[in-house]
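S.K.: There's a structure below that I have some questions on.
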Amino acid sequence: MSVNTFGRLLRFTTWGESHGPAIGAVVDGCPPGLAIDESVIQPFLDARRPGQSKFTTQRQEPDQVRILSGVFEGRTTGTPISLMIENVDQRSKDYSEVAVAYRPGHADYAYDAKYGFRDYRGGGRSSARETASRVAAGAVARLVIPEVRIVAYVSEIGGDMIDPGKFDEAEIANNPFFCPDAAAAERWEKIVDDARKSGSSVGAVVECYASGVPAGWGAPLYAKLDADLAAAMMGINAVKGVEIGDGFAAARLSGEQNADPMRPSAEAPDGAPEFLANHAGGIAGGISTGQPVTCRVAFKPTSSILTPQQTITRSGEATEMFTKGRHDPCVGIRGVPVVEAMMALVLADHKLLHRGQCG
């Protein structure tokens, strides 16, 4: 049984562990003839790369991607595209105590309960390091959907939210938090730095929207676009909640408030309507409406903290543990490129599914 593969027509499989020699992805089902080389993928990995500020883990990984297959003379061949990223800055000795006891908040016990064996070095497959493979695969997926523009940003850190009235997309690239509100980014410096200095961590919310998605992608019931998006985002390590459109806020609205009214549009020659609201996040009945597809993703606080926590050893004895090593004080910050990648992978898959059924 494979549980490392996602997608239907555009499928990707990630492989490797946090402290192994390399990690990577195999992308299968990509249409042939698309222009690609490492330089197309690298900018997205650079955005996720650790060690770029004091607000992220200081593990120094260049995250240089190599394309091993599926590309010839600068174009995709239609065969599986294999992508590899070497690990060069592992410190496995930091995890010697993890071999004999479980870190609270981590997947250590759950892995042992399932497999009876685990790679304790940095968490193995449960490490956020695995998400670099998704980002590389997502860069390939973007080539399949050139008509779509995907933007993600952090909207909340440690309970402190941006002011929607001060949203400035150009500001996202101007600070280490991928924050569209300059004033919020300034506040977050203290929030995250205080957590880092105290050996603690804070959570974050990442919001993402995809514009240019045409109406018709997705399917009723068992291949809903929003269901696949939710599964993709929940599959990211450290994610504990996903909302599509208004999400949980929709439960507090009346039917009149939650409706997305439509009017005839003089600018749409194909008869597409003009929407007056987008509470549904661009998806109705599992199918895209032509509006921006939107979602919100909640990242928990990093479980690796310096405060001793009660736990047990593998033999069942009571003990305390704090996590050594280099860790993100807010893992959601580097989650922004990962959320974008998963959005791209789902949308590219559904574009191919739509084309396969409807031409």
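The values are calculated or read from the model by the stated rules, or taken from the named source; none is laboratory data. Just so it is clear, the model here is predicted, and its values are computed rather than measured. Heads up, the Cβs are rebuilt from the backbone with ideal geometry, glycines too, and the neighbour counts pull from every protein chain shown. Please note that ligands, DNA and RNA were not included when accessible areas were found on the heavy atoms of the full protein model with its side chains. Shrake-Rupley method; radii C 1.70, N 1.55, O 1.52, S 1.80 Å.
S.K.: Just to confirm my numbers, what's the Cα centroid distance between the stretch 115-138 and the stretch 191-210 in Å?
M.R.: 21 Å
S.K.: Please report the accessible area of residue 233 (heavy atoms, 1.4 Å probe, ligands and nucleic acids excluded) in Å², nearest 10.
M.R.: Its accessible surface works out to 0 Å², give or take rounding.
S.K.: If the reach is capped at under 18 angstrom between alpha carbons, list the aspartates and glutamates near residue 114, excluding any in the same chain fewer than eight residues apart.
M.R.: Correct list for residue 114: 17.
S.K.: Run the numbers for residue 267 and residue 310: contour at 0.36 nm per residue of separation, minus the present Cα-Cα distance, in nm. Don't skip to the end; give the middle numbers.
M.R.: Values: separation 43, 0.36 × 43 = 15.48 nm, distance 6.21 nm.
Between residue 267 and residue 310, full extension yields an extra 9.3 nm.
S.K.: If you don't mind, another one. Quick one: angle between helix 335-358 and the longest Cα principal axis of the chain, in degrees between 0 and 90, rounded to 10, please.
M.R.: Its long axis makes an angle of about 40 degrees.
S.K.: For residue 155, what residues show an amide H to amide H distance below 5 Å, using hydrogens built from the backbone and excluding near sequence neighbours?
M.R.: Under 5 Å from the amide H of residue 155: 205, 206, 207.
S.K.: Could the peptides 187-195, 311-319, 41-49 be put in order, highest first, of the mean number of other beta-carbon atoms found within 10 Å of their residues? Let's see the in-between values first.
M.R.: On the way: 187-195: 17.6, 311-319: 11.8, 41-49: 19.4.
Most protected by this proxy first, the peptides run 41-49, 187-195, 311-319.
S.K.: Continuing with the same structure: Quick check on the stretch 214-335: take the gyration tensor over C-alpha atoms, sort the square-rooted eigenvalues as a ≥ b ≥ c, and tell me if it's rounded (a/c under 1.5), prolate or oblate.
M.R.: Numbers: a/c = 3.12, a/b = 3.03, b/c = 1.03.
Taking the square roots of the gyration eigenvalues as a ≥ b ≥ c, the stretch 214-335 is prolate.
S.K.: To continue, here is another question. Per residue, how large is the accessible surface of the chain? Use a 1.4 angstrom probe and give square angstrom. List each step's numbers first, then the result.
M.R.: Values: 16790 Å² over 359 residues.
Per residue, the chain has an accessible area of 47 Å².
S.K.: What's the long-distance tail for the chain, i.e. % of Cα pairs beyond 25 Å?
M.R.: Values: 36056 of 64261 pairs.
Of all Cα-Cα pairs in the chain, 56 percent lie more than 25 Å apart.
S.K.: Then there is this: Can you send over the carbon and sulfur percentage of the accessible area for the stretch 213-359, probe radius 1.4 Å, protein chains only?
M.R.: Values: 3930 of 7180 Å².
The value for the stretch 213-359 is 55 percent carbon and sulfur by accessible area.
S.K.: Then there's this: Using only alpha carbon pairs under 8 Å that are at least six residues apart, calculate the relative contact order of the chain and give it in whole percent. Before the final figure, lay out the partial values.
M.R.: Details: 772 pairs, mean separation 80.7, N = 359.
After rounding, I find 22 percent.
S.K.: Once you order the gyration tensor axes a ≥ b ≥ c over the Cα atoms, which shape class does the stretch 272-359 get: rounded for a/c under 1.5, otherwise prolate or oblate by comparing a/b with b/c? Intermediate values should be presented prior to the final figure.
M.R.: Values: a/c = 3.43, a/b = 2.71, b/c = 1.26.
Prolate shape, in that a/c is at least 1.5 and a/b is the bigger ratio.
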